[in-house]
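Right, one structure below, let's go through it.
The values are calculated or read from the model by the stated rules, or taken from the named source; none is laboratory data. In this text, all values refer to a predicted model and were calculated from it rather than measured experimentally. So basically every Cβ, Gly included, is an ideal-geometry build from the backbone, and we count neighbours across all protein chains shown. Ligands, DNA and RNA are excluded from the accessible area calculation, which covers all protein heavy atoms including side chains. Shrake-Rupley method; radii C 1.70, N 1.55, O 1.52, S 1.80 Å.
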Amino acid sequence: MKRNSLSVENKIVQSSSAAKQPKLGFYSSLNQSPMHTVLLDWGHLPHHVVLRIFQCLPLLDRARASSVCRRWNEVFHIPDLWRKFEFELNQSATSYFKSTHPDLIQQIIKKHSAHLQYVSFKVDSSTESAEAACDILSQLVNCSIQTLGLISTAKPSFMNVSESHFVSALTVVFINSKSLSSIKIEDTPVDDPSLKILVANNSDTLRLLKMSSCPHVSSDGILCVADHCQGLRELALNYYILTDELLLALSSETHVNLEHLRIDVVSENPGQIAFHAIKKHSWDALIKHSPRVNVVMYFFLYEEEFEMFFKEEIPVTHLYFGRSVSKAVLGRIGLNCPRLFELVVCANGLQPLDKELICIGEHCTNLTALGLSECEVSCSAFIKFVRLCGRRLTHLSIMEEVLVPDEDYSLDEIHTEVSKYLGRVWLPDMMPLW
């Protein structure tokens, strides 16, 4: 009876033991150990394995999987699975992405708000979606959020929410989360008083603050953050609230070394904004305190609005011009931006930039990336620029229309010369024809 009751597994083990085994090598040592069959029972997978699978699933699939069995449902409610969550809010008639179901939102608030640590809100262009995000924020009273991001996928819909509603909701998070380290609240109606509440509750933990295009924040409000949040390492803001006092506060002995400073210089109405100048000694103080800081500047100005910029040395490392920039300004960049790593010019006009580009190649000895579009450079001048920079140009994106053939080089010849100086194959970019 015992022999007849042998399981299939035992028969497999016996048959495998009787099989001829190699005498030498790796496979011989493997066959000396007993062989066991694996019974696949998805319901008995270890919790940590199911958890890893759930973390890779979209939210809707994760919710469906939780109804397979009791063990999977238990994993569905493990706190580790809810530390990071993105609320997607939209109006179905005007948006292309799926929205987080209202019932699931309520379940998260009731059962998992205390577990949330990394939270973001993605809203469409409708005011209703932004208001719904504020309603959720105002209910997160038992949370301990570490990172918070408010993302508008189209136009900045948070700006259409009443300032009192937005600030009230944001204040709930600022007060109840005592360990906020990263905040991205760009294009929102955040104001100075709410920043003071942020500082009062999270000054020891705040490391990153991105708040470009926040018109209700003044230079005094951001200065308060810099004065009290001594661990702040990354900051993004608009130029209109950048002051000498702010740079000096970020350069104080008690402040950690700043790693990333992004500055958006924006003008929607030409001639309406009088741009101020930052003194050279303020920039010098910042670089002395944080010598490895990346200073990134995005310019969206009209040509006549560049008068105050690049007249003195400025420690910018990454420059992006989203609108047309004059030859004179590019010439000043070559003379006054010695730390420049990356330069992108989206438009200039029909005047060749030969002298300006060569000046940049001669003086910006740290330059490793260049992008040019909707401007003109002769092939000879471009090759001279590449020869000056050499192999340190790791990124070179030049539209084919930018390069103007001359008596020395044609478009068919230029890629060979440029490739020789770069030490790799290079070709200009071409506009796709759809």
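In summary, the lysines within cross-link reach of Lys288, defined as a Cα separation below 18 angstrom excluding same-chain residues under 8 places away, comprise Lys279, Lys280. For the range 82-195, the number of Lys pairs separated by eight or more positions or lying on different chains, with C-alpha atoms closer than 27 Å, is 22.
Ligands, DNA and RNA excluded, the heavy atoms of Trp72 present near 40 Å² of accessible surface to a 1.4 Å solvent probe. Across the range 230-269, Cα-Cα pairs more than 11 Å apart make up 67 percent of the total. With everything on Cα atoms, drop me the angle between helix 379-389 and the longest principal axis of the chain, reported from 0 to 90° to the nearest 10. The two axes meet at around 70 degrees.
At a Cα cut-off below 13 Å, give the aspartates and glutamates reachable from Lys327, other chains included and same-chain residues fewer than 8 away excluded. Partners within reach: Glu303, Glu304, Glu307, Asp354, Glu356, Glu376. Projecting the Cα atoms of Ser126, Leu195, Cys143 onto the dipole axis of the range 82-195, where Lys and Arg carry +1 and Asp and Glu carry -1 at the beta carbon, places Cys143 farthest toward the positive end. With every protein chain in place and a 1.4 angstrom probe, the accessible-area ranking of Lys327, Lys184, largest first, reads Lys184, Lys327. Computed on the Cα atoms alone, the convex hull of the chain gives a volume of 266 cubic angstrom per residue.
Taking the longest Cα principal axis of the chain as reference, the axis of helix 280-289 is set at about 30 degrees. Solvent-accessible surface of protein heavy atoms, probed at 1.4 angstrom with all chains present, puts Arg71, Arg292 in the order Arg292, Arg71, largest first. Over the range 283-427, the reciprocal of the mean inverse Cα-Cα separation, the Kirkwood hydrodynamic radius, stands at 15.6 Å. In terms of Cα to Cα distance under 27 Å, which lysines are near enough to Lys420, apart from those fewer than 8 places away along the same chain? List returned: Lys355, Lys384. Label-to-label distance, Arg292 versus Asp204, with points set 7 angstrom from Cα along the beta-carbon direction: 2.7 nm. Measuring nothing but how far apart in sequence close Cα pairs (under 8 Å, 6+ apart) lie, relative to its length, the chain scores a relative contact order of 6 percent. What do you get for the angle between helix 327-336 and the principal long axis of the chain? Use alpha-carbon atoms, 0 to 90 degrees, nearest ten. Roughly 70 degrees, rounded to the nearest 10. Normalised radius of gyration (Cα atoms, divided by 2.2 N^0.38 Å) for the range 201-318: 1.04.
Solvent-accessible surface (1.4 Å probe) assigned to Ser213 amounts to roughly 40 Å².
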